[in-house]
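Every number in this text was worked out from the coordinates using simple rules, so none of it is lab data. All values derive from a computational prediction rather than experimental measurement. Positions of Cβ are generated from backbone atoms using ideal geometry, with glycine treated the same way; all protein chains shown enter the neighbour counts.
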Amino acid sequence: MFDTAVARPIDQIIAISRAYQEDPRDDKVDFGIGVYKDETGLTPIMRSVKAAEQRLIDTQKTKTYVGVGGDQKFVELFANQVLPDHAYGTDIIGIQSIGGSGAVRVLAELAHSLNPDACFWIPDPSWPNHKAIIGAVGAKMANYPYAKFTAEPDVDAILTALDGASPGDVVVIHGGCHNPTGIDPSIEELGRLTDGIGERGLIPFVDAAYLGFGDGWEEDSARVAAVADRAPEMLLALSCSKNFGIYRERTGAALLVGKGHANLAAANSNLLALARANYSMPPDHGAAIVRTIFEDPELKADWLAELTEIREIINKSRSALALALARAKQDRDWTYIDTGRGMFSLIDVTPEAAEKLREDHGVYIIPDGRMNIAGIDLNKIDEIAAKLVTAV
Ligand SMILES: Cc1ncc(COP(=O)(O)O)c(C=O)c1O
């Protein structure tokens with residue numbers, strides 16, 4: 001059997017991260033993998049997370065299974081934090097998932113099993129794993145256009161593309177801090193997009209992996225609510241990887257949303273069956289950390305303060321990079337980097353130019369031009385910008 005295997009290329013983001021680590025140059029710059037890094041290049045463990053972990057170590061009495069749906073209290077608290085106007089059990093229901101990726105996977109499987117004809121409409125560009133995960137489920141896929149170098153995506157262009165969709169199709173929407181562009185619609189435009197999705201009989205699938213990294217925890221959650229309040233049915237994938245900095249704990253939630261929808265519980269039973277047949281039960285630790293933080297007002301306040309700090313560092317870096325690029329190359333408009341949100345932004349380069357940037361200057365960006373701006377050294381910003389503009 002193994003003889004039939006043809007070697008597959010390693011994921012390009014992972015490959016670039018590996019190449020960066022192996023690069024001996026002192027002045028190398030890492031714009032690669034999508035993890036938050038502070039000014040010293042460290043992906044820190046948050047104070048609130050450490051405190052919650054200590055509490056768990058001191059008080060946890062068992063390591064028995066958590067159940068197919070995971071830590072239900074975590075799921076309910078998380079759902080309440082993001083969509084406080086949706087009553088858990090009646091308007092929203094779901095399971096703990098294996099990170100945001102696991103939520104995307106199990107929700108895509110659910111949608112595909114309930115409607116095998118449904119085509120998933122994915123923004124172009126998008127997080128590459130959307131295509132990989134939804135493709136692995138065996139569902140049909142199509143793209144809608146997503147602006148790259150402007151202040152906002154063009155909702156009219158998106159809706160025109162969705163004219164080609166059939167009722168029951170699923171529309172993947174990033175829940176803020178769009179990966180890779182960093183460009184999000186305003187909340188009004190998001191509402192207009194959701195109305196257009198509803199008019200076409202389509203189902204929104206919100207993938208929110210960066211809540212709190214954009215404009216604030218409540219502000220970013222309000223974006224999810226702007227869709228949920230308008231849609232009779234919605235799929236919602238949530239991740240705790242970035243906003244709690246617990247990447248390796250693989251924590252998230254897969255949620256089914258629909259105010260007063262009579263069949264939510266039945267749909268959730270399908271989600272549970274899919275989870276059981278896949279990985280049986282999720283791990284406990286990350287969800288227990290997040291639950292502990294949400295249950296304790298002091299820990300929650302500290303976590304929110306830490307999240308604010310992270311967001312401010314990212315936004316400061318975005319502004320500084322936009323200004324430095326404007327100094328280095330004045331005949332381009334770089335404001336989209338400043339007005340964008342989250343860790344990512346695109347730079348208009350060819351994959352060949354991205355490779356040359358890596359080889360000649362030790363500047364590591366993804367071949368599509370994606371840069372993770374978090375962690376950029378602000379003391380060297382002009383030097384870095386000068387190298388970047390050699391590629392555009
Ligand atoms: C758009 C998007 N969705 C989901 C995820 C999933 O994150 P995780 O599985 O690490 O929670 C990511 C992470 O890069 C992402 O960018």
Using alpha carbon centroids, what distance separates the stretch 1-62 and the stretch 306-323, in Å? 21
What is the stretch 1-48 by shape, rounded, prolate or oblate, if you read a ≥ b ≥ c off the alpha carbon gyration tensor as root eigenvalues and call it rounded for a/c under 1.5, prolate for a/b larger than b/c, and oblate otherwise? oblate
Per the helix-only calculation at 222 nm, which mean residue ellipticity applies to the chain, given -39500 (n - 2.57) for every DSSP H run of n ≥ 4 and division by its residues, nearest 500 deg cm²/dmol? -14000 deg cm²/dmol
Once a ≥ b ≥ c are taken as the square roots of the eigenvalues of the Cα gyration tensor of the stretch 237-356, is the result rounded (a/c under 1.5), prolate (a/b larger than b/c) or oblate (a/b not larger than b/c)? prolate
Return a whole-number percent for the relative contact order of the chain, with Cα pairs under 8 Å and 6 or more residues apart as the contact set. 25
With N set to the number of residues, divide the alpha-carbon radius of gyration of the chain by 2.2 N^0.38 Å and report two decimals. 0.98
The stretch 65-295 - charge dipole about Cα centre, Lys and Arg +1 at Cβ, Asp and Glu -1, debye rounded to 20: 860
Classify the stretch 1-132 as rounded, prolate or oblate, taking a ≥ b ≥ c as the square roots of the eigenvalues of its Cα gyration tensor: rounded when a/c is under 1.5, otherwise prolate if a/b is larger than b/c and oblate if not. oblate
On Cα atoms only, tilt of 351-361 relative to the major axis of the chain in degrees: 60
The alpha-carbon center of the stretch 352-376 and that of the stretch 146-216 are separated, in whole Å, by 27
Let me check against my output: what whole-number percent is the relative contact order of the stretch 65-295, with C-alpha pairs under 8 Å and at least 6 apart? 31
Would you kindly state the longest site-free stretch of the chain, with sites defined as trypsin sites (Lys or Arg not before Pro) in a DSSP loop (not H, G, I, E, B) surrounded by at most 10 other Cβ atoms within 10 Å? 64-392
Quick one: net charge around Thr64, please, counting Lys, Arg +1 and Asp, Glu -1 for every other residue with C-beta under 15 Å from its C-beta. 0
About the Cα centre of the chain, what is the dipole size in debye to 20, counting +1 per Lys and Arg Cβ and -1 per Asp and Glu Cβ, all else neutral? 900
